[in-house]
Amino acid sequence: ELEKRGIPLILWHTQIDWDTVAKIAAKYPKLMIVMEAIDKKLLYHARNLFKLMETFKNIYFGSYNFTQYDLINDIEKSGNTRIVFASNYPVSDPNVSFGIITEAELSQKTKEMICHGTLDNVLKNMK
């Protein structure tokens, strides 16, 4: 039903294993899957995440708690810009998340995609 309606599935990477994420992504290729990192940095699982993102074009990640500029810069160089802005507001100050994006060595187009473009596309395709 989520896939048909264009509603993304948001998962905390600490509450699901990567093999299960791969199975879901394979079974529902039009389902947008967003890996979120509220309680533990995705940085610690970047290798697993990026491997899945190379295989499945429907896997994205939330920018909150992803604090390594180099990794975000490498994502753009690889052509992969499937990042959804996330800030954990009101618990966390959204300026921290914005700062990571604005200070990264990314093109203006990529920054706009992260901050609003990806979500804009999701919202206009929801049924």
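Computed from the coordinates by the stated procedures, all read-outs in this text should not be read as laboratory data. Being a predicted model, the structure only gives us computed values, none of them experimental. Cβ coordinates were reconstructed from backbone atoms using ideal geometry, including for glycine residues, and neighbour counts include every protein chain displayed.
Quick notes on this one:
- Which listed pairs, of 23/109; 4/109; 27/111; 51/109; 27/109, have C-alpha distances above 27 Å, in listed order: 23/109; 4/109; 27/111; 27/109
- Amide hydrogen neighbours beyond the local backbone of residue 62, cut-off 5 Å, H modeled: 35, 36, 37, 84
- Highest mean packing comes first when the peptides 91-99, 106-114 are listed by Cβ atoms within 10 Å, giving 106-114, 91-99.
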